[in-house]
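**Student:** Below you'll find the structure I mean.
The values are calculated or read from the model by the stated rules, or taken from the named source; none is laboratory data. In this text the structure is predicted, and so the values were computed from the model without any measurement. Cβ placement follows ideal geometry from the backbone for every residue including glycine, while neighbour counts extend to all protein chains displayed.
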Amino acid sequence: MKLLMAASIDGYTATGPNDDMSWTSEGDKKVFRLLSNVDGPLLAGSRTWRHMPVLPGRALLPITRNPRIVTHIDATAAIGEPIETLASRYPFAWHIGGMQSALDAMSKGFIHEIHLCRSIGVRLDVEDNFHSKYHISRFWKFFNMKPVRTMRFGPTLEVNVHWPIRGG
Ligand SMILES: NC(=O)c1ccc[n+]([C@@H]2O[C@H](COP(=O)([O-])OP(=O)(O)OC[C@H]3O[C@@H](n4cnc5c(N)ncnc54)[C@H](OP(=O)(O)O)[C@@H]3O)[C@@H](O)[C@H]2O)c1
């Protein structure tokens with residue numbers, strides 16, 4: 001499956017566990033809408049899933065370590081399943097984060113391509129520590145830091161495509 005995540009230009013994917021992601025650029029929102037409508041379904045870590053708005057026309061399923069009913073903040077619910085089950089059932093799904101479940105999927109070899117959408121001009125500077133829980137430097141153990149392809153979408157977005165490190 002492919003991973004689709006947003007990042008600030010200083011490399012953060014969230015300001016914390018309950019970020020509403022309002023900081024991403026207009027270009028990022030358009031590209032997310034476009035890519036997430038191609039292939040599917042969308043898979044999200046249970047924490048992200050709980051806070052995601054409804055995405056018209058797209059199925060969004062929660063990833064959890066233990067299969068169980070996961071409840072959304074709007075009180076709707078869905079069956080959450082482990083990444084192993086979802087990856088074998090939906091090999092063309094997009095994993096849309098967050099960081100914790102994305103790192104787990106990478107370590108298990110389920111992600112074959114990452115699309116990192118960098119919002120140009122957006123700096124989060126959430127903390128001084130470069131090794132923040134939500135910093136993309138945590139990906140470089142699994143993916144080449146240097147993108148295999150870079151696409152610019154107007155003045156506000158650059159999409160970097162990365163491939164896994166062989167044997168990583
Ligand atoms: N930049 C982006 O594109 C992007 C994308 C998504 C989310 N976000 C932001 O990221 C934040 C949430 O991300 P997060 O990293 O804290 O959480 P997350 O990855 O969304 O969800 C964490 C949950 O995933 C489940 N999980 C599945 N396998 C796991 C494993 N092996 N180890 C640990 N957990 C596993 C666990 O749920 P159970 O406890 O149910 O097992 C865990 O609580 C929010 O602020 C959100 O807005 C950013």
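**Student:** Select from segment 60-97 the residues that are more than 7 Å from the ligand (Cβ to nearest atom), under 26 Å from LYS141 (Cα atoms) and assigned to a helix (DSSP H, G or I) and list them in ascending order.
**Tutor:** Selection gives GLU84, THR85, LEU86, ALA87, SER88.
**Student:** Within 18 Å of ASP39 (Cα to Cα) and surrounded by 11 or more Cβ atoms within 10 Å (Cβ to Cβ): is that true of VAL161 in this structure?
**Tutor:** yes
**Student:** Hey, another quick one. Where residues in segment 104-134 are closer than 18 Å to ASP19 by Cα and among the β-branched types (Val, Ile, Thr), which of them is modelled with the highest pLDDT?
**Tutor:** Filtering first and then ranking leaves VAL122.
**Student:** Now, a different point. Take segment 15-54 and flag every residue that is in contact with a strand residue (DSSP E or B) (Cβ under 9 Å, 6 or more places away or on another chain) and of a type in the set (Gly, Ala, Ser).
**Tutor:** SER25, GLY27, SER36, GLY40, ALA44, GLY45, SER46
**Student:** Can you list residue pairs whose Cβ atoms sit under 9 Å apart, with the first residue in segment 35-50 being free of Cβ contacts under 8 Å to residues at least 24 places away in the same chain and the second being among the basic types (Lys, Arg) and outside any strand (DSSP E or B)? Count only pairs 6 or more apart in sequence or on different chains.
**Tutor:** So the pair list comes out as ASN37/ARG58.
**Student:** Here's a follow-up. Of the residues ASP20, ASP39, which single one is surrounded by fewer than 21 Cβ atoms within 10 Å (Cβ to Cβ), assigned to a loop (DSSP other than H, G, I, E, B) and within 11 Å of the ligand (Cβ to nearest atom)? Walk me through how you get there before you give the answer.
**Tutor:** Values: ASP39 fails: within 11 Å of the ligand (Cβ to nearest atom).
Matching residue, one of ASP20, ASP39: ASP20.
**Student:** Residues LEU34, LEU3: which one is of a type outside the set (S, T, N, Q), closer than 20 Å to HIS162 by Cα and loosely packed, with under 14 Cβ neighbours inside 10 Å?
**Tutor:** LEU34
**Student:** Out of ILE73, ILE114, ILE69, ILE79, which single residue is buried (at least 18 other Cβ atoms within 10 Å of the Cβ) and either closer than 27 Å to GLY11 by Cβ or free of Cβ contacts under 8 Å to residues at least 40 places away in the same chain (or both)?
**Tutor:** After applying the criteria, what remains is ILE114.
**Student:** Also: Out of all the residues in segment 103-111, is one or more in a strand (DSSP E or B), among the small types (Gly, Ala, Ser) and without any contact (Cβ under 8 Å) to a residue 40 or more places away in the chain?
**Tutor:** no
**Student:** Continuing with the same structure: Which of the numbered conditions does ILE73 fail, given that it passes all the others? Conditions: (1) under 27 Å from VAL126 (Cα atoms); (2) under 15 Å from the mean Cα position of the chain (by Cα); (3) β-branched (Val, Ile, Thr).
**Tutor:** Tallying (1) under 27 Å from VAL126 (Cα atoms); (2) under 15 Å from the mean Cα position of the chain (by Cα); (3) β-branched (Val, Ile, Thr), ILE73 fails exactly one: (2).
**Student:** Checking GLN100 against (1) outside any strand (DSSP E or B); (2) more than 12 Å from the chain's Cα centre (by Cα); (3) at pLDDT 95 or above, which single condition isn't satisfied?
**Tutor:** (2)
**Student:** When the residues of segment 42-59 are narrowed to those that are closer than 20 Å to ALA87 by Cα and in a loop (DSSP other than H, G, I, E, B), which ends up farthest from the ligand (Cβ to nearest atom)?
**Tutor:** Among residues in segment 42-59 that are closer than 20 Å to ALA87 by Cα and in a loop (DSSP other than H, G, I, E, B), the one farthest from the ligand (Cβ to nearest atom) is ALA59.
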